[in-house]
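J.: Please see the structure below; I have some questions.
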Amino acid sequence: MWGSSKLRPNRPDRSKEGALTRGSSARAAVTSRLGTRAGMSTLILILILIPTAMMLEYRYHSNDDIEHYFHQINASNPDIAHLYTIGRSVAGQQLWVLVLGLSPRLHTVGIPEFKYVANMHGNEVLGRELLLQLVDELVRGYRGNESWSLQLLKSTRIHILPTMNPDGFDDSDTHCQLSQGRFNRNGIDLNRNFPDAFAALREGQPVDVWRREAEVQAVIGWLKMETFVLSANLHGGALVASYPYDNSNGGSELVGRASLTPDNDVFVHLAKVYSHNHASMHQGWSCGEPVSFADGITNGYRWYPLSGGMQDYNYVWAQCLELTLEVSCCKFPPAKQLPALWMDNRKSLLAFIQQVHLGVKGRVFDGSGAPVQNAVVEVKGRSNMRPFLTNQHGEYYRLLLPGNHTFRVTYPGHHVLTETLYVPYGPDHYSALKHDFLLRRITMTTGSPSSPPTKWVQVEAAGPPDTPTWTRMVTRLGLALVLNSLIS
Ligand SMILES: [Zn+2]
């Protein structure tokens with residue numbers, strides 16, 4: 001976040017010395033106690049039995065430490081971990097992502113992709129440590145056969161990017177509120193550098209993705225590589241869960257002082273899941289600022305408008321619902337507070353992942369029974385700026401609250417399919433409702449299969465009376481096409 005605070009600055013310990021893990025300290029202590037040849041076999045046995053993931057130390061880890069730790073986890077847990085990089089920072093540092101899940105290297109149809117990102121602002125550092133602790137906790141839980149971890153890793157593929165701005169972290173001051181290190185090495189605020197749908201429509205100018213900052217380009221490429229369903233971006237300097245939109249053109253999205261998405265009910269629910277599972281966020285404490293956050297949540301625009309933010313980009317362009325989580329009043333809390341801050345956030349970090357199982361998921365099949373990419377899966381009453389499309393496996397994921405929801409599936413050459421489904425609350429049993437849509441091909445007597453826009457108009461006319469009007473459909477398609485044409 002931006003903003004000043006009356007909080008007094010402090011000087012936390014950022015020493016890069018010391019053991020990477022509490023395990024290393026424990027091993028040193030064991031070595032010193034045993035210290036004899038007779039104890040060596042016992043020592044070796046103990047070292048084997050101490051899983052590395054159990055003992056991450058509570059301190060600030062350097063970028064090299066993170067790389068080392070992730071390599072350790074990856075090497076010792078090949079069945080559930082996979083390490084990859086999405087690119088490099090301006091100064092050439094790798095942007096490491098660790099995946100946890102039962103099929104860590106590859107997407108599995110029906111298993112949703114989830115991500116956590118932290119340290120986009122280099123001087124907002126608590127999120128880095130929370131995500132490292134989260135990795136430690138998930139791996140330790142899995143190895144210990146704890147059901148909460150087994151269930152999460154069985155049902156979800158979890159991607160963790162602990163630092164999106166490693167150069168900024170290296171430049172950062174340990175001050176609670178000052179912004180040194182906020183920007184990347186080019187002096188750019190990465191949370192203002194994403195293509196912005198509202199700005200693109202307002203200005204009618206093409207958005208050039210490839211002239212974005214290296215770190216932003218890396219995330220954009222990442223979003224194209226995986227079909228992420230749910231995400232959170234961890235910041236510091238406030239204590240609140242913020243949800244899209246961050247921007248507005250003053251259209252129908254603007255309700256009062258908030259800029260609301262068509263999925264606002266889902267976003268409010270998601271934000272409350274985080275704030276109410278957090279030790280104090282739900283109390284709405286505003287870190288001394290003259291602003292109140294009821295339930296510890298806020299619409300991003302209502303708090304303060306911004307253009308080029310990452311959460312709007314995720315939602316509009318990548319159909320991934322993302323929150324911006326402000327997890328500490330102090331951007332660089334003293335290291336001695338890390339154990340308590342981890343405990344404040346542990347339950348909410350885990351509960352939020354589980355929300356990836358809200359709603360409905362499944363595949364769309366064409367008239368020959370093959371899964372189809374780029375089928376439009378719409379939910380009545382939710383006019384997304386860009387329609388949600390199926391991925392290369394024909395999959396769709398729609399996060400929805402429990403209740404009846406009417407779906408409308410459209411694909412060139414096929415009849416529009418409209419179905420109403422009762423959607424239960426999926427997170428409790430770690431799965432959204434599974435439902436496939438089977439399309440029927442339009443015969444040649446009702447239209448030519450080779451002209452998608454015409455086809456959409458024809459099938460629209462053949463749809464049930466309560467489907468959107470032709471004009472509205474064309475307007476929607478037009479907006480999507482305009483948006484698509486504005487990004488290159
Ligand atoms: Zn921030």
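J.: Looking at the structure I just gave you, is Lys331 open to solvent by 50 Å² or more (accessible area, probe 1.4 Å) and not in a strand (DSSP E or B)?
T.: No.
J.: Among the residues of the stretch 346-372 satisfying the criterion of being assigned to a helix (DSSP H, G or I) and either of a type in the set (D, E, K, R) or touching a His at 6+ places or on another chain (Cβ under 6 Å) (or both), which is nearest to the ligand (Cβ to nearest atom)?
T.: Ser348
J.: Out of curiosity, is Arg386 of a type outside the set (Phe, Trp, Tyr) and within 23 Å of the chain's Cα centre (by Cα)?
T.: For Arg386, the condition - of a type outside the set (Phe, Trp, Tyr) and within 23 Å of the chain's Cα centre (by Cα) - is met.
J.: All but one of (1) closer than 23 Å to Ser348 by Cβ; (2) free of Cβ contacts under 8 Å to residues at least 60 places away in the same chain hold for Gln180; which doesn't?
T.: Going through the list (1) closer than 23 Å to Ser348 by Cβ; (2) free of Cβ contacts under 8 Å to residues at least 60 places away in the same chain, Gln180 breaks only (1).
J.: Filter the stretch 214-263 down to the residues that are among the hydrophobic types (A, V, I, L, M, F, W, C), under 29 Å from Thr390 (Cβ atoms), out of contact with any strand residue (DSSP E or B) (no Cβ under 6 Å at 6 or more places or on another chain) and not in a loop (DSSP other than H, G, I, E, B) and list them by number.
T.: Within the stretch 214-263, Val216, Val219, Ile220, Leu223, Met225 qualify.
J.: Another question, if that's okay. Can you tell which of Arg192, Arg212 is open to solvent by 10 Å² or more (accessible area, probe 1.4 Å) and within 16 Å of the ligand (Cβ to nearest atom)?
T.: Sole residue among the options that is open to solvent by 10 Å² or more (accessible area, probe 1.4 Å) and within 16 Å of the ligand (Cβ to nearest atom): Arg192.
J.: Please work out if Pro371 is touching an Asp or Glu at 6+ places or on another chain (Cβ under 8 Å) and surrounded by fewer than 24 Cβ atoms within 10 Å (Cβ to Cβ).
T.: yes
J.: Among the residues of the stretch 407-420, which ones are more than 19 Å from Asn384 (Cα to Cα) and either among the basic types (Lys, Arg) or open to solvent by 20 Å² or more (accessible area, probe 1.4 Å) (or both)?
T.: Correct list: Pro412, His415.
J.: I need a count of the residues in the stretch 305-328 that are part of a loop (DSSP other than H, G, I, E, B) and either touching a helix residue (DSSP H, G or I) at 6+ places or on another chain (Cβ under 6 Å) or within 16 Å of the ligand (Cβ to nearest atom) (or both).
T.: 6
J.: Within the stretch 156-174, is there a residue that is open to solvent by less than 10 Å² (accessible area, probe 1.4 Å), in contact with a helix residue (DSSP H, G or I) (Cβ under 6 Å, 6 or more places away or on another chain), in a helix (DSSP H, G or I) and not basic (Lys, Arg)?
T.: yes
The values are calculated or read from the model by the stated rules, or taken from the named source; none is laboratory data. What you are looking at is a predicted structure, and each value in this text was computed from that prediction instead of being measured. Neighbour counts are summed over all protein chains in view; Cβ atoms, including those assigned to glycine, are modelled from backbone coordinates with ideal geometry. Accessible surface areas use protein heavy atoms only, side chains included; no ligands, DNA or RNA. Shrake-Rupley method; radii C 1.70, N 1.55, O 1.52, S 1.80 Å.
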